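> Shown below is the structure under consideration.
The values are calculated or read from the model by the stated rules, or taken from the named source; none is laboratory data. Since the structure is predicted, the reported quantities are computational estimates derived from the model, not experimental observations. Cβ placement follows ideal geometry from the backbone for every residue including glycine, while neighbour counts extend to all protein chains displayed.
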Amino acid sequence: MKKAITLLLLAVCASFSYGQIKPLPKPEAYFSAIIVSDIEASITWYSTSFGFTVLNKVVSEERGFKQANLQCGMILIELIELTSSLSPKNLLKNHPKKTKIEGFFKFGFLVSKFEKWVTHLKQLKVEFYGSVVTDPNSKKKNGVS
């Protein structure tokens, strides 16, 4: 009987303390980090194409990297140029054309006036590797570049 009361007491205490745990707030998108081959060209592209501004830059020759933080509205992008990075083109040169590397695949911007953005990017001679498609479920348009 003493064991049953002890177990019951432990169960009540455990459920009471579990009930006191408050759920964590939901995470929000904050920034994306992108490894690039030419940081200055990438800064120019994001600034010209989307209106990003440079918040700061860090260059560490001894550690082999250059970094720039850019912002456009609530979107933050960290561009990183590494002396030790490998290009997907070189890694995949002996593989079929549509082979992908596991890991980061894409990120997107939510924009209004989608067609005007497509026109803007085409005027800047952004190379599109696909076309504009409409998702059959969400009915949202996506541009593949």
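> Which one of the conditions (1) part of a loop (DSSP other than H, G, I, E, B); (2) out of contact with any helix residue (DSSP H, G or I) (no Cβ under 9 Å at 6 or more places or on another chain) does F109 fail to meet, given that it meets all the rest?
(2)
> Name the residue, out of V118, V36, that is in the same structural domain as K140 (by TED's automatic domain parsing), β-branched (V, I, T) and surrounded by 14 or more Cβ atoms within 10 Å (Cβ to Cβ).
V118
> How many residues does region 36-51 contain that are of a type in the set (V, I, T), within 17 Å of I75 (Cα to Cα) and outside any helix (DSSP H, G or I)?
0
> If you don't mind, there's one more thing I want to ask. For region 52-84, which residues satisfy the criterion of being outside any strand (DSSP E or B), touching a residue at least 12 places away in the same chain (Cβ under 8 Å) and surrounded by fewer than 13 Cβ atoms within 10 Å (Cβ to Cβ)?
Listed by number, the residues that qualify are G64, T83, S84.
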